[in-house]
Amino acid sequence: MTPEELASITKVISSRIGELTSILETETEDTKPIEPDVSIGRLSRLDSMQMQQMALEQKRRQEAELQKLADALKRIDDGSYGTCMMCRQPIATARLNAQPDAILCIHCAP
Ligand SMILES: [Zn+2]
């Protein structure tokens, strides 16, 4: 991976981190605890709870992605980015462009 490729992928990761951070900051409304007597239009309490479950699930996925991207930035810093964790071979640049937080090469990925 060339320094230029690394610089461009760093930009992609940073902007995705910014995106996820602002999503996670603004989406607190859906994930706060439901009041016992909540009634939002025709939605029952059960519907509200299901929506909250979905919102929480999405939040968990976004937090997990954020964590993986933050780890990827750390690997860029310490120079281990783009190296497969299993076989220690370089991960193809095309693969990293498609999935910047990839830690395994195409041969080792499940
Ligand atoms: Zn590998």
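The values are calculated or read from the model by the stated rules, or taken from the named source; none is laboratory data. If you're wondering where the values come from, they're calculated on a predicted model, not measured in any experiment. No Cβ is skipped: glycine too gets one built from the backbone with ideal geometry, and neighbour counts run over all protein chains shown. Quick note on the areas: whole protein, heavy atoms, side chains included, nothing else; ligands and nucleic acids left out. Shrake-Rupley method; radii C 1.70, N 1.55, O 1.52, S 1.80 Å.
Listed by first and then second residue, the pairs linking a residue in the range 73-85 that is of a type in the set (Val, Ile, Thr) to a residue that is open to solvent by 50 Å² or more (accessible area, probe 1.4 Å) and part of a helix (DSSP H, G or I), with Cβ atoms under 9 Å apart and 6 or more places separating them unless they lie on different chains, are Ile76/Leu6. The residue that is farthest from the ligand (Cβ to nearest atom), counting only those in the range 88-110 that are open to solvent by less than 50 Å² (accessible area, probe 1.4 Å), assigned to a loop (DSSP other than H, G, I, E, B) and more than 11 Å from Ile13 (Cβ to Cβ), is Ala102. Being touching a residue at least 60 places away in the same chain (Cβ under 8 Å), open to solvent by less than 80 Å² (accessible area, probe 1.4 Å) and of a type outside the set (Asp, Glu), is that true of even one residue in the range 44-63? Looking for residues that are touching a residue at least 60 places away in the same chain (Cβ under 8 Å), open to solvent by less than 80 Å² (accessible area, probe 1.4 Å) and of a type outside the set (Asp, Glu), one finds none in the range 44-63, hence no.
For the range 74-86: of the residues being open to solvent by 50 Å² or more (accessible area, probe 1.4 Å) and not small (Gly, Ala, Ser), which is farthest from Leu6 (Cα to Cα)? Top of the filtered list is Met86. Filtering Leu24, Leu69 for residues that are farther than 16 Å from Met1 by Cα, open to solvent by less than 50 Å² (accessible area, probe 1.4 Å) and at pLDDT below 95 leaves a single hit, Leu24.
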